[in-house]
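The values are calculated or read from the model by the stated rules, or taken from the named source; none is laboratory data. Being a predicted model, the structure only gives us computed values, none of them experimental. For neighbour counting, all protein chains shown are included, and Cβ atoms are generated from backbone atoms with ideal geometry for every residue, glycine included. For accessibility, only protein heavy atoms count, side chains too; no ligands or nucleic acids. Shrake-Rupley method; radii C 1.70, N 1.55, O 1.52, S 1.80 Å.
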Amino acid sequence: QLQLVESGGGLVQPGGSLRLSCAASGIMFGISVMGWYRQAPGKQRELVAGIGNSGSTNYADSVKGRFIISKDNAKNAVDLQMNSLRPDDSAVYYCNAVRLGSTFWGQGTQVTVVS
């Protein structure tokens, strides 16, 4: 029904930047919210950033001022620009979408921030 595929993860030094992209395919009509979550080993999955169909955004306090979420409607994608990365940003980042009350997830992309 709806498939989400993340890309752009990798290994980066502290202070560096990465840009994640989530490509959506399938039935996209009715999507109300898309966003990014992350999950580090042994920790719960947490919201990083979300964007509504009106363009409104929200961010976790830990990433405010450093990360920017945006839509690319022409490519059916949601991007996450991550700047000033810290080691505690290391996690698997998952794309998320809510459509007609159902939640969809991508398989995740690994982000590792190490010296």
### Summary
Contact list, first residue from the stretch 63-81 and closer than 15 Å to G9 by Cβ, second anywhere and surrounded by fewer than 16 Cβ atoms within 10 Å (Cβ to Cβ) and at pLDDT below 95, beta-carbon distance below 7 Å, six or more apart or interchain, is D79/D72
### Task
Filter the stretch 53-96 down to residues that are among the aromatic types (F, W, Y) and either open to solvent by 20 Å² or more (accessible area, probe 1.4 Å) or within 13 Å of E6 (Cβ to Cβ) (or both) and give me whichever is farthest from the chain's Cα centre (by Cα).
Y59
### Message
If I filter the stretch 18-33 down to residues being open to solvent by less than 80 Å² (accessible area, probe 1.4 Å) and over 14 Å from the mean Cα position of the chain (by Cα), which single residue comes out as farthest from T109 (Cα to Cα)?
### Response
G30
### Summary
Here, strands (runs of 3 or more DSSP E) confined to the stretch 12-75 with at least 1 residues that are small (G, A, S) and at pLDDT 95 or above are 18-26, 31-39, 46-52, 67-72
### Task
Examine the stretch 82-95 for a residue that is part of a strand (DSSP E or B), within 16 Å of I27 (Cβ to Cβ) and small (G, A, S), and state whether such a residue exists.
no
### Query
Name the residues in the stretch 34-52 that are open to solvent by 60 Å² or more (accessible area, probe 1.4 Å) and out of contact with any Lys or Arg (no Cβ under 9 Å at 6 or more places or on another chain), would you?
P41, G42, K43, Q44
